[in-house]
Number of protein chains: 2
Amino acid sequence: MLQASVTTRCDQMLKRGVERKEIVRALGEVFRAHGYEGASLTLITEATGLGKGSLYHLFPGGKEQMASEVLAEIDAWFELNIYSPLREASDSARAIAAMIAGVDEYFHSGDRICLVGLVALGASRDTFAASVDGYFARWQVALAAVLRRSGLSKGQAQRRAEDALLTIQGALVLARARSDAGIFRRAMSDLTKRLLAPAE
Amino acid sequence: MLQASVTTRCDQMLKRGVERKEIVRALGEVFRAHGYEGASLTLITEATGLGKGSLYHLFPGGKEQMASEVLAEIDAWFELNIYSPLREASDSARAIAAMIAGVDEYFHSGDRICLVGLVALGASRDTFAASVDGYFARWQVALAAVLRRSGLSKGQAQRRAEDALLTIQGALVLARARSDAGIFRRAMSDLTKRLLAPAE
DNA sequence: GACTCTCTGTACCGATCGGTACAATCTCCG
DNA sequence: CGGAGATTGTACCGATCGGTACAGAGAGTC
């Protein structure tokens, strides 16, 4: 019966892991929709279907822990789907196209907001400064490496990667402000061309 | 004594107008620093030096009126210092350079945030949707007109103006996120070149 | 000085905030 | 089934939220 016991426990752990991931995802949507300050415990309980008891059992650190786990999960997603492919890419053009495709998917072609950007602008920025900075820093380094391999100088690569990140953020802001996802799509299309352009 | 009376009233009105402008400016800083939801009445009374009584006497509509007056004031500033010069410009290159200089001044070279962008991303977006959209729409139209006069096609001019707005917003987000005003300065420099470039 | 009207400080309102306490319940195990 | 530990709903906490009521201070007019 030992085997059964172990299996059961593994299943449980796995299930818990999955559930927690699901919860963190739901939390992310709440923070995205209402910001860190605006995401009240009431909204959070509604979005997750969890009472305060469960919530504080799962996240003893309260809202702050919830938000930082959400940021960590975002980071993990980008690490897996964006940074890592960028780092390991051999074909620069293909890697950049894949990055843009990934970004387009993640942000639902401009319908979805960047939570990291939102936090960066808000009052809670200082609390999560390290996560926010790390998110963009790692992205820039990974993208710059690809650009460098495609023949750009170090400075050019860094500058062009910076331009890419800023364009994505700006496109999300403007698309949201004007309720026009077309802005995001056009910006991503232009950005691809700009990233792929030969060194100046 | 009629003259004196009138003069006194005018002075008073003027003084009130100035004071109100000063108050709205202070309100703007609070909203910028804490967002619409985060700007509590306590913070507002501290920033303005006005008690609740005065505040609700001046702004019977409460926080919402305060915020919309702040947005209106921002709009007026841009109308005067950015949109209008853009519309009346004869020298496109000079007009664009002036716009970038104005933007750099307004945003303190990246140290200051765009309140309109912040509102656009936040939960209060719907409340102020018209102001937010109008701000960007008018800017884009004015800038596109200049670009059109400089020889670009209508579509190209619109697209390039869109790119300019999005770049400014993105630069502000990224500069804030990474606590590096240099990002904003570099972006503005690049943007100027991009705007001035000949038609593709 | 008395009247009027604008302005302001303060006390107060119900609602909600993030967070805690804890008993009840559920789940797994022997 | 019985015990142990994880999980949960609910009542409750003090603080603060945005907003209101109102008495009184202040200033301009006669």
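All other residues with a Cβ under 12 Å from the Cβ of B:Leu196 taken together, and with Lys, Arg as +1 and Asp, Glu as -1, what is their net charge?
Neighbourhood net charge equals +2.
Using only Cα atoms, find the angle between the long axis of helix B:181-196 and the longest principal axis of chain B, and express it within 0 to 90 degrees, rounded to the nearest 10.
Between helix and principal axis, roughly 50 degrees.
Please grab the % of Cα pairs in the range A:63-170 that end up more than 20 Å from each other.
More than 20 Å apart: 40 percent of the Cα pairs in the range A:63-170.
I'd like the Kirkwood hydrodynamic radius of the protein assembly as shown, using the inverse of the mean 1/r over distinct C-alpha pairs, in Å.
Every distinct Cα pair counted, the radius reaches 23.1 Å.
Measuring with a 1.4 Å probe in the full set of protein chains, what accessible area per residue, in whole Å², belongs to chain A?
47 Å²
Using protein heavy atoms only (no ligands, DNA or RNA), what is the total accessible area buried between A and B, 1.4 Å probe, nearest 100 Å²?
That pair of chains buries around 3300 Å² in total.
Need one number: the % of Cα-Cα pairs in the range B:2-196 sitting beyond the 20 Å mark.
When every Cα pair of the range B:2-196 is considered, 61 percent fall beyond 20 Å.
Using packing as a proxy for protection, rank B:109-121, B:75-87 so that the peptide with the highest average count of other Cβ atoms within 10 Å comes first.
B:109-121, B:75-87
What is the average number of partner chain Cβ atoms found within 10 Å of a Cβ in A:186-196?
Per-residue shielding by partner chains comes out at 2.
For the Cα atoms of chain A, what angle does the longest principal axis make with the long axis of helix A:62-78, in degrees from 0 to 90, nearest 10?
Once rounded, one gets 40 degrees.
The values are calculated or read from the model by the stated rules, or taken from the named source; none is laboratory data. Because the structure is predicted, anything quoted here is derived from the model rather than measured. Cβ sites come from the backbone with ideal geometry, for glycine too, and all protein chains shown count toward neighbours. Ligands, DNA and RNA are excluded from the accessible area calculation, which covers all protein heavy atoms including side chains. Shrake-Rupley method; radii C 1.70, N 1.55, O 1.52, S 1.80 Å.
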